[in-house]
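One structure below.
Any read-out appearing in this document is the output of simple, stated calculations on the displayed coordinates, not a laboratory observation. Model, not experiment: these values are computed from the prediction. Counting neighbours? That spans all protein chains shown, and the Cβs are built from the backbone with ideal geometry, glycine included.
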Amino acid sequence: MTQDFGGTKPVDSHQQFDVQRLARYLQEKIPGFGGPLTVQQFRGGQSNPTFKLLTPHKDYVLRRKPAGVLLASAHAVDREYKVITALYGSKVPVAKTHVLCEDDSVIGTAFYVMDCVEGRVLWDPQLPHSDVAERGAIFAQMNQVIAALHTVDYAAVGLADYGKPGNYFERQIARWTKQYHASQTERSEAMNRLIAWLPQNIPPGEETCIVHGDYRLDNIIFHAAEPRIVAVLDWELSTLGHPLADFAYHCMIWQIPPEVFRGLGGVKLGELGIPTEAEYVAAYCKATGRAPIDPNHWDFYLAYNLFRLAAILQGIAGRVKEGTAASPQAEAMGKSAGPLADLAWQQVEKILARRGETV
């Protein structure tokens, strides 16, 4: 799996741009930047194509919007740049940013450039190349960093205008319903049920913090030799939102079987040294000073996030159909949308069973 997603490759033909023009632009914008410039494309990155910029003195990373017709509000590299810049120097490890370019004439689409942070990107949550002690430490570190993110004073770091406080679930369900319909390739009964049920059953209580939106193992760079996070990546979906929406997204891996989409569902966690979902949630609650979470509310948050991930993967399936998907793994990922929608509805059924209701 890592060979499919990890490392770099030559730039895909449909992603190529004028390297010399980019080099001239960066020489003007980044102090100390000097060529010659060589560009490679990272294998990962389903949404915004990501490139490694190699120079004799330092390496950088460039994230750009993909070419072609795009869904409204998607691929927001300007938002990624803003949040990473604001969080640099906080308890949330991020790369140092250098420049945001919204002039399409330079490489054809908007992009930004940041430092290249070296380390490990781990794709399989079972962590097959780690021992028991390291697995536990890696999960503890992920928990610590998302808790730190959710306790950042977003106004103090200049992100008071980064999103709309309040009604987060209502707005997000509407957004992902719209995105799903815009990229729908086949009918899903589970998605239709979720679209009808979720907006009517949002748990009470408003909270607002910076949410990453896609906080998972493979969007994190770990130190090469230590179970320590050196950078959190891929902030495209970040905004101001509800912390438990963000945290439950991160916790979906305990619900998803490995054969559906990189998950831990059905895995013997104790043998691996990986905490159970309940242990992981309890650690987060302790780190953030939160009371235990109502089981019905937690199952709603999981259902919402499985629905949301299904909509995201449906977007990838739509891009496959249009020929604009960023990687060859996109087709397989897009096919996971239906099974994830089914898992989301199973979470709803748990709530209905506790309430003595049926649909």
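Structural remarks
- Angle between the chain longest axis and helix 295-322 axis [Cα atoms, degrees, rounded to 10]: 40 degrees
- Highest-first arrangement of 304-313, 172-181, 200-209, where packing means the average Cβ count within 10 Å: 304-313, 172-181, 200-209
- Efficiency of FRET from Cβ geometry, residue 38 and residue 67, R₀ 22 Å, rounded to 0.05: 0.55
- Dividing the summed -39500 (n - 2.57) terms of all DSSP H runs of n ≥ 4 by the residue count of the chain sets its mean residue ellipticity at 222 nm at -13000 deg cm²/dmol.
- Take the Cα of residue 357, step 7 Å toward its Cβ, do the same at residue 271, and the gap between the two points is 3.9 nm.
- Extended-chain gain in nm, criterion 0.36 nm per residue less alpha-carbon gap, residue 118 and residue 189: 21.2 nm
- Pairs of Lys residues in region 132-355 are counted when their Cα atoms are under 30 angstrom apart and they lie 8 or more places apart or on different chains; the count is 11.
- Taking every C-alpha pair closer than 8 Å and separated by at least 6 residues, the mean separation divided by the residue count of the chain gives a relative contact order of 18 percent.
- Axis of helix 19-29 versus longest Cα principal axis of the chain: the two differ by about 90°, to the nearest ten degrees.
- Among residues other than residue 136 with Cβ under 14 Å from its Cβ, the summed charge is -3 (Lys and Arg +1, Asp and Glu -1).
- Restricting the calculation to alpha carbons of region 2-115 gives Rg and Dmax of 13.8, 39 angstrom.
- For the pair residue 78 and residue 278, label points projected 7 Å from Cα toward Cβ lie 4.8 nm apart.
- Note: relative contact order over region 2-115, using C-alpha pairs below 8 Å and six or more positions apart, is 23 percent.
- The ranking of 267, 211, 94 by Cβ neighbour count inside 10 Å, starting from the fewest, reads 267, 94, 211.
- C-alpha long axis of helix 132-150 to longest principal axis of the chain, angle in °: 90 degrees
- Gain in span if fully extended, residue 201 to residue 20, counting 0.36 nm per residue against the direct Cα distance: 59.8 nm
- Of the two radii for the chain, the radius of gyration is 0.95 times the Kirkwood radius, both from the alpha carbons; that is the Rg over Rh value.
- Once the chain from residue 349 to residue 58 is taken as fully extended at 0.36 nm per residue, the excess over their C-alpha distance is 99.5 nm.
- Lysines with Cα under 22 Å of residue 29, excluding same-chain neighbours fewer than 8 positions away: 52, 58, 65, 82, 96
- Simple label model, 7 Å out from Cα along Cβ direction - residue 140 to residue 225, nm: 2.0 nm
- Over all other residues within a Cβ to Cβ distance under 12 Å of residue 172, the charged ones net out to +3, with Lys and Arg as +1 and Asp and Glu as -1.
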